[in-house]
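> Pasting in a structure now, in structure tokens, and then I'll have a few things to ask.
The values are calculated or read from the model by the stated rules, or taken from the named source; none is laboratory data. Only a predicted model underlies this, so the values are computations on that prediction, with no experimental measurement involved. Because the Cβ atoms are built from the backbone with ideal geometry, glycine has one as well, and the counts that use them run over all protein chains shown.
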Amino acid sequence: MHVTQNRVITVTVDGPGKLQGLGSDDPKSENNYADACCETFEGRAMAIIRPTGIGRITVRITSEQGESAQVVLHATRPTPDGQMPDDERDEMPAGLAQPVAG
């Protein structure tokens, strides 16, 4: 299967997060951005996840063909400088992305 093939995907969110929007860049798409399903465009789509609290957010993507993928996000409390608080950085599970100092 080609990665640029269009397919219908469904996005689910578990944990302290909400699917805020989902869509592709298809100029002819009639998908509603508020739906949890959309058709990819040239194999691509974008999901916007809004944290609703602090903790682990699991985002799962499945296609009608049975393909699936998932990503785990870690939502933290905001700080004035935009960096992750030291106490939460120490508690972050191994393998999750670390913030980049700017």
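> How many residues are crowded, with 16+ Cβ neighbours inside 10 Å and at pLDDT 90 or above if we restrict to the range 22-50?
Here the count works out to 10.
> Oh, and also: Can you name every residue in the range 16-32 that is part of a loop (DSSP other than H, G, I, E, B) and closer than 25 Å to Gly55 by Cα?
Once the filter is applied, which keeps residues that are part of a loop (DSSP other than H, G, I, E, B) and closer than 25 Å to Gly55 by Cα, the range 16-32 yields only Pro16.
> OK, next. Can you spot a residue in the range 12-20 that is β-branched (Val, Ile, Thr), at pLDDT below 95 and surrounded by 10 or more Cβ atoms within 10 Å (Cβ to Cβ)?
no
> Mind checking which residues of the range 75-102 are more than 20 Å from Leu22 (Cα to Cα), under 20 Å from the mean Cα position of the chain (by Cα) and at pLDDT 75 or above?
Within the range 75-102, Thr76, Arg77 qualify.
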